[in-house]
Structure formats: structure tokens, C-alpha cells
Amino acid sequence: MTELSKAFSVSIEIASAQRTGRPIVALESTVITHGLPQPQNLALAQDMEAAVRSMGALPATISVLDGKILVGASPDQLQRLASTGEAVKVSLRDFATAINSGKAGGTTVAGTLFAAEKAGIKVFATGGIGGVHKEYSYDVSTDLQALASIPMIVVCAGAKSILDLRATLEVLETLGVPVIGYGTDHFPEFFSRGREFPVSIRLNTPEEIAGFARTHWSLGLNSALLVCQPIPEIHALDPQLANAAEEIASREAQEKKIRGQALTPFLLRRVNELTDGKSLRANLELLLNNARLAAQIARQLVSY
Ligand code: PSU
Ligand code: MN
């Protein structure tokens, strides 16, 4: 690990896990500050950490608080992230904004990748990645660029069809990011298993994923690996229900001219509302499932 800038603050637990070589899983915080409503956001943040611990790894929730990039959050810090109404959504361009303003910041997939890699972490669990938006094909999430350039195993449930999934997958291919289907040949569509778009490779165990990572990185390739785990079938939503809600939300966003960083949080909130909380429950289940898989992969990685 290269020396960290003074803007980083690594928790005692994570620093000691680094020294002793214990498995660590990074967790994002935009899902807490912008992705989920209160009070489910705090419960989810706590449950994600517990899910990582239950599988024998340590959770490092990444965020910005009091002018520092936190790697690992205390219970009190999680509470603050979950309850502040005006957190900054921190992608790569926003770190200095959040640090200099002293405001709380929820790190996106891109922001979390950046900070976790600086802290020497290799595995990260999230819900869905950002991608190419349907409303405007130049609205491409920084997540894709970050996945292209930061070596990390990112466990997700694919991406929501609020995005243009075909374009998103094409950009990932262009950028050289392996898209791994965990026990599936298809790119998962967040609320459902997904059956339209192929992944670049299917792998079936945490061991195989760790082995793939070792080979990929040993070549000098520096991208992330996107590990896509479908939502468990019993928690999946009817794809028609999810797509209908996503279409309405997209249309409303266009009518209201909601753009840029505000677009993803708007779409997430509206889909939650339009499905009467059904999508929220699915969202929570897939997040926990991803935390557990990430912990298993992290354990495999350190046992090499
Ligand atoms: N997709 C979801 N839930 C989320 C996000 C995306 O289903 O919470 C969040 C993630 O933090 C992701 C970010 O990195 O939104 C992408 O935002 P943007 O499209 O503005 O890059
Ligand atoms: Mn965007």
C-alpha cells in the first residue's frame, strides 16, 4: 500500500486487519445517503456490515465525514451518514468538494473504488452499478471509467433497466472490464435474474473468481472484475412490474428535466415509490446477498 494522503482516515479495525492480512470487503455509501429512504438506509448499512462479518471478513464502509475520507465507519458515523439530509454524492470529481465543505459524502461505486484501492482493499460489494442512461446517451456514469482503471473485485446484481443495459455492456467491453456471471450466463438486471444480455464469462464459485482475478492482474491488466450475482429467485420482482415502474420514472425525469448527478437518485426513489416498497425489499435482499459473496471471495483471495 502506498502512503495515504492525510485526507484519509482508516479505522483502527481496518488498519489492524490490513497488518494481519485478514479479509476485508469495502462497502459504498451513496446507497445510504442517496439510494435508499430513511430509516431503511441505516438498517441496511448495519445489516451489510453484519453480513460481511457473518462470512468471516471485515466490512469497510467508505464515506466522507468531517473533511476526511473514511475507510471503515463506526456505528455513530454510519448513523450520521444515514440521517444527514444534505450529503454530497461523491463520485471521482466530488472528493475535494465534500472534503473542503466539511459536509457528509456518500461515495458512489466510482468513489468507493478509488478510496478502497488507495487503502489496499481488493473486494467491494454493492447493489447495482451506474451505466449509460436511456434518456441521454452522453450520460455515462463515472463508475464505468473507474471500473476500467481500478483493480478490484466488484460484486453487484448487474444494473437496473433504468439504464440502457445494452449500451452499458458495450462500454464495459470497450473498456476491457471482465463481466463475470456468478452461476449465470446472463447479465443480471437487478430486480430479476436477467436473460437478455450475455456476460463475458460464467464462474460458479468464489475460488474460481479469486483464480480469475489472480490471472487477470498477474498479466498487468489493471481493470476491475465485475462479478454479477443474480438476485435470489424468491426475492426477485416480476420483470414486467419493475420495467413498467422504471419506464414511468424515466419519463417523469425527462419531463422534469432531471439530469446529471440528480438523475440516478430520482429514478431510484421513484421506482421504490411506484412499486409500493416491493422493489425496496428486493433491493435490500440483493445487497445482503452480494455482501456475503464478497466476503467469501475476500477470504479466498487472502488464502492464496
Ligand atoms: N444503482 C442502484 N442503486 C444505487 C446506485 C446505482 O441501483 O444506489 C448508486 C451507486 O452508488 C452508483 C451511483 O455508483 O448510484 C451511480 O450514479 P451516477 O449514475 O450519477 O454515476
Ligand atoms: Mn450520470
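When K134 is tested against (1) open to solvent by 30 Å² or more (accessible area, probe 1.4 Å); (2) over 24 Å from P198 (Cβ atoms); (3) away from ligand 1 (no atom under 11 Å from the Cβ), just one condition goes unmet, and that condition is (2).
Taking into account only those residues within the stretch 260-294 that are charged (D, E, K, R) and more than 21 Å from the chain's Cα centre (by Cα), which is surrounded by the most Cβ atoms within 10 Å (Cβ to Cβ)? Before you say what the answer is, go through the steps one by one.
Filtering the stretch 260-294 for residues charged (D, E, K, R) gives 269-270, 273, 276, 278, 281, 285, 292.
From the residues that got through so far, the ones that are more than 21 Å from the chain's Cα centre (by Cα) too are 273, 276.
Details: E273: 15, D276: 10.
Checked the stretch 260-294; the qualifying residue surrounded by the most Cβ atoms within 10 Å (Cβ to Cβ) is E273.
May I ask you to say which residue of S149, S101 is more than 26 Å from Q229 (Cα to Cα) and at pLDDT 95 or above? Walk me through it before giving the result.
Values: S149 fails: more than 26 Å from Q229 (Cα to Cα).
Answer to the check: S101.
Pick from the stretch 170-182 the residues that are assigned to a helix (DSSP H, G or I) and open to solvent by less than 50 Å² (accessible area, probe 1.4 Å): which of them is nearest to ligand 2 (Cβ to nearest atom)? Before you say what the answer is, go through the steps one by one.
Start the filter on the stretch 170-182 by keeping residues that are assigned to a helix (DSSP H, G or I), which leaves 170-174.
From the residues that got through so far, the ones that are open to solvent by less than 50 Å² (accessible area, probe 1.4 Å) too are 171-172.
Working: V171: 13, L172: 16 Å.
Ranking the qualifying residues of the stretch 170-182, first place goes to V171.
Taking the conditions (1) buried (at least 23 other Cβ atoms within 10 Å of the Cβ); (2) under 20 Å from F114 (Cα atoms) in turn, A51 satisfies each one other than (2).
The rows are residues; the columns are (1) farther than 23 Å from A116 by Cβ; (2) away from ligand 1 (no atom under 16 Å from the Cβ).
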residue	(1), (2)
A148	no, no
V154	no, no
H186	yes, yes
F191	yes, no
E207	no, yes
T215	no, yes
V227	no, no
A236	yes, no
E246	yes, no
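With among the basic types (K, R), outside the structural domain of R53 (by TED's automatic domain parsing) and on the phi > 0 side of the Ramachandran plot as the only criterion, which of K278, K257 stands out? Lay out the reasoning, then the answer.
On the way: K278 fails: on the phi > 0 side of the Ramachandran plot.
Sole residue among the options that is among the basic types (K, R), outside the structural domain of R53 (by TED's automatic domain parsing) and on the phi > 0 side of the Ramachandran plot: K257.
Taking the stretch 183-201 as the range and being among the polar types (S, T, N, Q) and open to solvent by less than 30 Å² (accessible area, probe 1.4 Å) as the test, the residues that pass are T184, S192.
Among the strands (runs of 3 or more DSSP E) confined wholly to the stretch 53-169, which include 3 or more residues that are away from ligand 2 (no atom under 16 Å from the Cβ) and in contact with a helix residue (DSSP H, G or I) (Cβ under 6 Å, 6 or more places away or on another chain)? Lay out the reasoning, then the answer.
Values: elements: 58-65, 68-71, 88-90, 105-107, 123-125, 153-156.
Fully inside the stretch 53-169 and qualifying: 58-65, 123-125.
Yes/no per residue for (1) open to solvent by 10 Å² or more (accessible area, probe 1.4 Å); (2) within 17 Å of the chain's Cα centre (by Cα); (3) of a type in the set (K, R):
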site: G56; (1), (2), (3): yes, no, no
site: S63; (1), (2), (3): no, yes, no
site: G67; (1), (2), (3): yes, no, no
site: Q77; (1), (2), (3): yes, no, no
site: G106; (1), (2), (3): no, yes, no
site: T112; (1), (2), (3): no, yes, no
site: G130; (1), (2), (3): yes, yes, no
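The values are calculated or read from the model by the stated rules, or taken from the named source; none is laboratory data. As the structure is a computational prediction, the values presented were derived from the model and not from experiment. Positions of Cβ are generated from backbone atoms using ideal geometry, with glycine treated the same way; all protein chains shown enter the neighbour counts. Please note that ligands, DNA and RNA were not included when accessible areas were found on the heavy atoms of the full protein model with its side chains. Shrake-Rupley method; radii C 1.70, N 1.55, O 1.52, S 1.80 Å.
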